[in-house]
């Protein structure tokens, strides 16, 4: 579904990504791990059109998207959930969800998608008239993910969905990610909580210093000596 071919990117004179090649298959969940500064967030920004690559190509459903604007990429079926559960704090839960259905091909399906996200996240239906800024960190993260689903994506990209959350809330968030996966969505996730991430993932990439250092199916990925010692503490 998503194919990244030899993509490099920089911020001004500072190179961040060096010839990245990755794939996300239809209905697959792929995790990318790496320390802070490895280039994970930069990669998601490049895929979503926020940052243009300096070289390389990106394809989604066999259509090249690295030359598209962010709103065009969303309309083609790619949604990006930034780190930190970013929502519009002065809007209600339902108003936030309506903003997610802004793309033209999603507006007429608003009620249908609203029912779907309320089934996935029942707490949001209970809080639909609550101001988003008054919600807990975990609830805001769920709202951010639900808002992304309102655009009718086929691929949802998550940047550190567990960041800043208490362990019990992290487990709850990953339960919802598993439910989203079961609905047939493809998921591309950057995550430092490797243990939880690998529970839901099918395939993994290790990104270090802007380069893919290792890749493989999750069981093979989990058993890699470098990943075990440096990231899993085994």
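The values are calculated or read from the model by the stated rules, or taken from the named source; none is laboratory data. These numbers come from a predicted model, not from an experiment. We place every Cβ from the backbone using ideal geometry, glycine too, and count neighbours over all the protein chains shown.
Is it true that residue 215 is modelled with pLDDT of 95 or more, in contact with a helix residue (DSSP H, G or I) (Cβ under 8 Å, 6 or more places away or on another chain) and farther than 20 Å from residue 99 by Cα? It would help to see each step written out before you state the result.
Working: modelled with pLDDT of 95 or more: yes; in contact with a helix residue (DSSP H, G or I) (Cβ under 8 Å, 6 or more places away or on another chain): yes; farther than 20 Å from residue 99 by Cα: yes.
So residue 215 passes the test.
Name every residue in the range 142-164 that is buried (at least 23 other Cβ atoms within 10 Å of the Cβ), closer than 21 Å to residue 195 by Cβ and out of contact with any strand residue (DSSP E or B) (no Cβ under 8 Å at 6 or more places or on another chain), in order of residue number.
Those that are buried (at least 23 other Cβ atoms within 10 Å of the Cβ), closer than 21 Å to residue 195 by Cβ and out of contact with any strand residue (DSSP E or B) (no Cβ under 8 Å at 6 or more places or on another chain): 142, 162.
Can you find a residue in the range 129-150 that is at pLDDT 90 or above, part of a strand (DSSP E or B) and farther than 20 Å from residue 78 by Cβ?
yes
Tell me yes or no: at least one residue of the range 37-49 is surrounded by fewer than 20 Cβ atoms within 10 Å (Cβ to Cβ) and either farther than 20 Å from residue 160 by Cβ or modelled with pLDDT under 95 (or both).
Among the residues of the range 37-49, at least one is surrounded by fewer than 20 Cβ atoms within 10 Å (Cβ to Cβ) and either farther than 20 Å from residue 160 by Cβ or modelled with pLDDT under 95 (or both), which makes the answer yes.
Name the residue that is nearest to the chain's Cα centre (by Cα), counting only residues in the range 186-234 that are in a loop (DSSP other than H, G, I, E, B) and within 22 Å of residue 79 (Cα to Cα).
At the first step, the residues of the range 186-234 found to be in a loop (DSSP other than H, G, I, E, B) are 191-193, 201-202, 209-210, 223-224, 231-234.
If we keep only those that are within 22 Å of residue 79 (Cα to Cα) too, we end up with 191-193, 201-202.
Values: 191: 9, 192: 13, 193: 14, 201: 12, 202: 15 Å.
Restricting to residues being in a loop (DSSP other than H, G, I, E, B) and within 22 Å of residue 79 (Cα to Cα), the top hit is 191.
Could you list all residues from the range 161-184 that are in a loop (DSSP other than H, G, I, E, B) and in contact with a helix residue (DSSP H, G or I) (Cβ under 8 Å, 6 or more places away or on another chain)? Let's see the steps before the verdict.
Of all residues in the range 161-184, those in a loop (DSSP other than H, G, I, E, B) come to 161-166, 183-184.
Passing the criteria: 161, 162, 164, 165, 166, 183.
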